[in-house]
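> Let me begin by handing over the structure; questions about it come next.
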Amino acid sequence: MEVSVIRSCSQATNPKTELGFSDSRFSFGKFNEKLFSRKPNSVSFESPLRRGKSGLRITAQAAQSDRLPKSKSSTKSKTLNRIRLFAGLPLDVVSGGTVNQFRAISAGLKALKLLGLEGVELPIWWGVVEHESMGKYNWSGYLTIAEMVRKAGLKLNVTLCFHASSQPKIPLPEWVLDIGKTKSNIFFKDRAGKPYRGCLSLAVDELAVLNGKTPMEVYQDFCESFKSAFSAFIGSTITGITMGLGPDGELRYPSHRGFAKSGTVPGAGEFQCYDKNMLHLLKQHAEACGKPKWGLGGPHNAPAYSELPTANTFFKDHGGSWESPYGDFFLSWYSSQLIAHGDRLLSLASSVFSDSAVNIFGKVPLMHSWHGTRSHPSELTAGFYNTATRKGYKEVAEMFARNSCKIILPGMDQSDKYQLKESLSSPELLLAEIGTACNKHGVRISGQNSTVGAPDGLKQIKKNMLSENLNDSFIFQRIGAQFFAPEHFPLFIEFVRKLNQPEPHSGNLPTKEGTTTATDSVHTRSNLSIHMQSA
Amino acid sequence: MATLAVGSLLQNPRLSSPRGQKLLLNLKPLRSLDLDCSPHRKLLCSRGACFSNSNPCGKFYIVKASSTDTAPIDTFSSADILYEQTFPVNRIEKVEGKLLIRLDQSKDQLNWRLTIGCSLSGKWILHWGVSYVGDTGSEWDQPPQDMWPHGSIPIKDYAIETPFKKPSKDDTFHEVKIDFNPSSAIEAIHFILKDEETGASYQHKGRDFRVSLVNYLEDDGNMIHAKSSFGKWPDAVEQLPNMVLKAEASCDSKNENRRLEGFYEEQPIVKEVSVGNMVNVAIRKFPDAANIVLHLETDIPGDVVVHWGVCRDDAKTWEIPAVPYPPETTVFRNKALRTLLQPTGNGSRALFTLDEKLDGFLFVLKLDANSWVNFQGNDFYIPLSSARSVKGQSDSESEETSGKAHTDGIINEIRNLVSGLNSEKSLQTKVKEAKESILNEIEKLAAEAYSIFRSSTPSYPEEDSDADDAEPTINISSGTGSGFEILCQGFNWESNKSGRWYMELKEKASEISSLGFTVIWLPPPTESVSSEGYMPKDLYNLNSRYGTIDELKDLVKSLHGVGLKVLGDVVLNHRCAHYQNQNGVWNIFGGRLNWDDRAVVGDDPHFQGRGNKSSGDNFHAAPNIDHSQDFVRKDLIEWLCWLREEIGYDGWRLDFVRGFWGGYVKDYLDASEPYFAVGEYWDSLSYTYGEMDHNQDAHRQRIVDWINATNGTAGAFDVTSKGILHSALERREYWRLLDQKGKPPGVVGWWPSRAVTFIENHDTGSTQGHWRFPGGKEMQGYAYILTHPGTPAVFYDHIVSHHRSEIGALISLRNRNKIHCRSIVEIVKAERDVYAATIDDRVAVKIGPGYYEPPSGPQRWSLALEGYDYKVWEASS
């Protein structure tokens, strides 16, 4: 007789049990979701029993979350604890091949585990791993982190950062920058021809500009190398992979450069179609459309980065060029280039990790300033053709759905009332708009807070967790001195605890069912995060 | 019996089929005793224990002995405690027990009952489901509601979970009873066992347990009671743990009816229990003794061997110390010593006598053949040297204490903020206590993380380029390029003479680039009435005295190849006509831009234009173009865009921009979107009785006005600075280099980012010499403009002269110190014969024959360059 013992990593007493901090939730992989969607009322695992002879054993794993019977939860109730909570590790947690502030990280991980967080997010930088020369990868520091996370009994969502960071300064790989010195057209350029060295221009995705390889090939090699280096973690500790899609990892053009000073009204941003290759694509497109003259450059009457949208006529609320046939021509092209770029990267990730039990994520920015105007300049310059008259996030959601990827939306801590009035900004409306598009296409949404922070941010995050804008997980950015500071950390503890203790006055929350008492629920919930294996 | 452990398998959120397979291959045998040791766990098991934040690197805070939960060591009461440390040790012990499965008929004979029991303590949960007859897949279904034992909760739609209950309070035995109707279509009950305390789950041979309720099924391997055996059931469940009831007879019934038979089976089950132990190390010294005594004690049960050595350096190289050794010590392979600890009442201990001069004591504990206890993957390290130092240096001790007090302060702060949370819920005291201890733990960890993060959080200076973007009124734009541009004027008045200037310059491309220039200005490219190119005729004809259009393209390509941006010299103010009008005046244009006299300004009688009045000064040698005409502007924009596209120019040098309004320039630049643009706004400085005025504000104001009119899209040559330098250098009036507000007196003092500083060009110098820079003082001029803010421009003649290497050195100094167009200049001296300034606190410069040395300050200046009447220093720190 054999009894297999499967135990979780946490060897110590399971604190979650007593605390009730644990978050329980529903986490199915792509594969399972598909199964379920076909057969909603019966879980259909392959039968290992009947295939015993073939030697193939198929294990399907299901996790459970809703304690409530399906029938009862059919009302649109939602528990906060369905949202898996992650915290981001410091951006520069690894430099060179070593882990920075090892002790702090390890203490932090333990604290987060005890708090009942699902896991942490780890940014892995192209410029750190493939720093020296093409194809030479150094994963050592990141492997250390993965091991630490595994030991702490946490999950890991890695972000593959194919971009640079300005604070802390983490540039692109040296060899890429070297190439960029002579071929500045591998970077996005603004109207002044100033290159953006924070990531490669999407126009070179499939041009062999990197020592004979295309950036897509280089990204793919990177992903493959990551996959083999972390094979022991992928699917177990590593449950999510976020594919970097552009500046700050987001699917967008670098239409705003540098940081807006707080308290100043952000500008409209600038179109970034001025690198040679983008211009070439534009020209081709214009010629194909029979409008060769439209392909000579970007809109001449668009304002510059920090100028107000009203500084020129392109974004004018009424009669602006954006509404003209030319505007439609340009904006359609500009946004479709971005979506095609996202599609390329996400389908690359999906195919590389197709046999791995991980979720693939991509991040879409929340360009919420000027959302109150008709033309939404910030969104347009960032590459989202979303205006008062055109729903632009449909194509984005479709693209994510097509690749079975989940979407990360930042800025969940931003509320309308703290925005500068002059910027006609509405993070909440925009979020709802994107959320609707995603829900329509079945794209699950993971949230993030903005790095700049916001007043009453935690409150706003919770509000979003209760809405349909957020239904997968939440990644809190980020661990560091400020995070653990006495003025912040207790608030965070409280935030996490409250997630498991729905406020009684909130009508949107489920009522406790049946005989379960408060104490019971504490006990049973912790159990819910344990996944059952059946085969 | 093979017991397998799979770390983290259970937390895998989605195991799709290929994955599961893979993971199962990762099964690794569990060592019989798995040991782990980390400081924080100790907190959980014994909160009263006093120990400091241990550090994996082996440095420990020194904590004076205080009440600990270790056994007091009376023998040392007279000795000083130099060091004491308690290491928590977490071991995983295996506890064996039994899983009992019983199927029998309930008393009413109608229903049947499946009882699953477990003899081990723990919070057991039965996770279970059913399958129906005729189901083809292996999936579970949720049991019908009437089967649910009390307290069950549904798991989605395919399973439920039922907690085990104790039949009586004192029992360690737990069970779940499931009643069901045998006539239902249920084919089998499937379950796995979970221990809520540890998160472990228990399966049967890697699959779920399966109790078949019909017996005509094939044996799938994981069926319990596979042989259809039946047994008599004891009525009293309480007796189960002690009973081993095996089916006495097994009849391989192949009946195909649904006759259920009761059975009872036991399965061994092994649970891993985390046990908290500790290792306490104390170092004491008797007064007047040469040796120190290290006391090691642990509460780990059983025989414990200390595998130990000492070290004399930071490298922690093990070596065997001199005798004496404690009893029961053996030498292990000449590398280490092994000492069996002597049992005490609740553990074991040993005393080690060590030489005071040693650096450290290293050890690991060996529990049996395969089980070792180490400290977070490293050897335990006890610093003997710090024990030594404590004795003499009470200062360091109090420092440590205050550090600890600080951490405590943070913890208290956090505690105060979270306190009150607990009172919200009326939870059982026990739960409350557990919560309290975990909160406590979280707070400690957070405080530790905070103190480290805070001490090592670097401050990031805001980047200059970012600051650019944030400037509200100024675009980052063609007015400045990157801000770090250094311009080379790539021709002189004679360059057209050879007819192959483009080819000649191409030869020099890499040389110019290697000097450190970023931008090069090429001569006017169009067909021109004058060979120098400033009297353009057909704008689209780019065959000129400098070379053909193809040679030009080739040159631009080469220049780009060496990383230079290329400025085209465009003459927009005037244009020479192809044809005469009816009055014989040349004002009708040909070529692609075949404008008529409407394109010519109306206020220049020489050319009888029909256009509007000029928006600027007139250049009298050729028809001045009326930029107020839409078609003119449209054509010029188209031309500029064509030049950008066709030739690859990156930007413009705009000739004679005094001739038309700067606002039109803005239009041209907005449309052609150059990387960099600079305009020539050259008019006379103010003189009084032939002597240049000190105050040239009016002059620079006119230039600034023009830049303003372009909305800052272009820079302008800083003619003011050149003029003032003339006087200052020629007449030894270096005081002129300071304006009334303490700034540089040229455009560079007012709008440095738009000032293109220069000392000579093709007009002022070269073979024309309209306004030549004082001879022999050129290098002072370059020392000034190449160290100061603004965008400096170097004239071609100078880089092919003997000044070349000095200029190159200044350029590389500028680049090295990242001086840019907005660098901050602080003028420290402006006297009759000497001018001195520091720039960005990184570079100091003096020009003039007078004496100046930068003060010895924190920058530690070192002389970088020196030439005739100038010196440049760099800060070396």
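> Give the residues of segment B:88-132 whose amide nitrogen is closer than 11 Å to a point set 7 Å from the Cα of B:ASP146 in the direction of its Cβ.
Taking a point 7 Å out along Cα→Cβ of B:ASP146, the residues of segment B:88-132 whose backbone N falls under 11 Å are B:111.
> Taking θ = phi - 60°, what integer Hz values does the Karplus form 6.51 cos²θ - 1.76 cosθ + 1.60 yield along segment B:576-590, in sequence order, with x for Gly and Pro?
Residue by residue, segment B:576-590 yields 7, 7, 8, 10, 8, 7, 4, 8, x, 8, 6, 8, 10, 9, x Hz.
> Right, something else. So which of A:LYS113/A:LYS462; A:LYS498/B:LYS444; A:LYS194/B:LYS557; A:LYS151/A:LYS363; A:LYS213/B:LYS634 end up more than 30 Å apart, counting from Cα to Cα?
A:LYS213/B:LYS634
> Hey, rough spin-label estimate for A:LYS440 and B:ASP179, points 7 angstrom out along Cα→Cβ, what's it come to in nanometres?
If labels sit at A:LYS440 and B:ASP179, their model points lie 5.4 nm apart.
> Separation between the A:LYS183 and B:ARG731 pseudo-spin-labels, each 7 Å from Cα along Cα→Cβ, expressed in nm?
Rounded to a tenth, the inter-label distance reads 5.7 nm.
> Could you work out how much longer the chain between B:GLU645 and B:VAL529 gets when fully extended? Use 0.36 nm per residue separation minus the Cα distance between them, nm to one decimal.
39.2 nm
> Taking the Cα centre of segment B:533-669 as origin, sum charge times position over the Cβ atoms of Lys and Arg (+1) and Asp and Glu (-1), and report the length of that vector in debye to the nearest 20.
So the magnitude is around 140 debye.
> Would you mind pulling out the separation of the Cα centroids of segment A:292-333 and segment B:585-599, in Å?
Rounded to whole Å, the Cα centres lie 33 Å apart.
> A follow-up question, please. Does a label point 7 Å from the Cα of A:SER228, set along Cα-to-beta-carbon, have any residues of segment A:135-157 with amide nitrogen under 16 Å, and which are they?
Answer for this model: A:135-140.
> If only Cα atoms are counted, what is the Rg of segment B:790-877, and what is its Dmax, in Å?
13.1, 40
> With equal scatterers on the alpha carbons only and no solvent term, can you work out the Debye log10 of I(q)/I(0) for segment B:286-383 at 0.11, 0.15, 0.20, 0.21 1/Å?
With no solvent term, the Cα-only Debye profile gives -0.31, -0.58, -1.04, -1.14.
> Next up: Counting other beta carbons within 10 Å of each Cβ, put B:TRP501, A:TRP139 in order, fewest first.
A:TRP139, B:TRP501
> Below 12 angstrom from the Cβ of B:ALA830, what's the summed charge of the other residues (Lys, Arg +1; Asp, Glu -1)?
Net charge in that neighbourhood comes out at 0.
> Let me ask something else about it. Sorted from fewest to most neighbouring beta carbons within 10 Å, what does the list B:PHE484, A:PHE384, B:PHE380, B:PHE191 look like?
B:PHE484, B:PHE380, A:PHE384, B:PHE191
> Among B:ILE382, B:ALA315, B:LEU296, whose Cα lies farthest out toward the positive end of the dipole of segment B:286-383, if unit charges sit on the beta carbon of Lys, Arg (+1) and Asp, Glu (-1)?
Among B:ILE382, B:ALA315, B:LEU296, the one farthest towards the positive end of the dipole of segment B:286-383 is B:ALA315.
> Provide the descending list of Cα extents for segment B:540-678 along its principal axes, expressed in whole angstroms.
50, 29, 22
> Set the Förster radius R0 to 35 Å, insert the Cβ-Cβ distance between A:ALA388 and A:LEU491 as r into 1/(1 + (r/R0)^6), and round the FRET efficiency to 0.05.
0.40
> R0 = 60 Å: FRET efficiency of B:GLN582 with A:ARG374, Cβ-based, nearest 0.05?
Step by step, r from the Cβ atoms, then E = 0.65.
> Quick one: which residues, 5+ away or cross-chain, put their amide H under 5 Å from the amide H of A:ILE360? H built at 1.01 Å from N.
A:ILE241, A:LYS406
> Something else: How high is the FRET efficiency between B:ILE320 and B:SER862 when r is their beta carbon distance and R₀ equals 45 Å, given to the nearest 0.05?
0.25
> Peptide A:181-194: average number of partner chain Cβ atoms within 10 Å per residue?
The mean count of partner-chain Cβ atoms within 10 Å per residue comes to 5.
> Counting other C-beta atoms within 10 Å, and keeping those with at most 15, which DSSP coil chymotrypsin sites (Phe, Trp or Tyr not before Pro) do you find in segment B:835-869?
Answer by residue number: B:TYR851, B:TYR868.
> Continuing with the same structure: Whole-Hz Karplus ³J(HN,Hα) for segment B:795-800, in order, using 6.51 cos²θ - 1.76 cosθ + 1.60 and θ = phi - 60°, x for Gly and Pro?
7, 3, 4, 6, 7, 9
> Subtract the Cα-Cα distance of B:ASP313 and B:GLN109 from 0.36 nm times their separation in residues, and report this length gain in nm to one decimal.
65.5 nm
> Distance from a point 7 Å along Cα→Cβ of B:SER498 to each backbone N in segment B:548-573: keep the residues under 18 Å and list them by number.
B:548-559
> How many angstrom lie between the Cα centre of segment B:634-709 and the Cα centre of segment B:819-877?
31 Å
> Along Cα→Cβ, 7 Å out, is where each label goes; now give me the distance between the ones at B:GLN376 and B:SER805 in nm to one decimal.
5.8 nm
Rule-based calculations on the coordinates, nothing more; no lab input. Please read all numbers here as calculations on a predicted model, not as lab measurements. With ideal geometry, Cβ positions are generated from the backbone for all residues, glycine too; neighbour counts draw on all protein chains shown.
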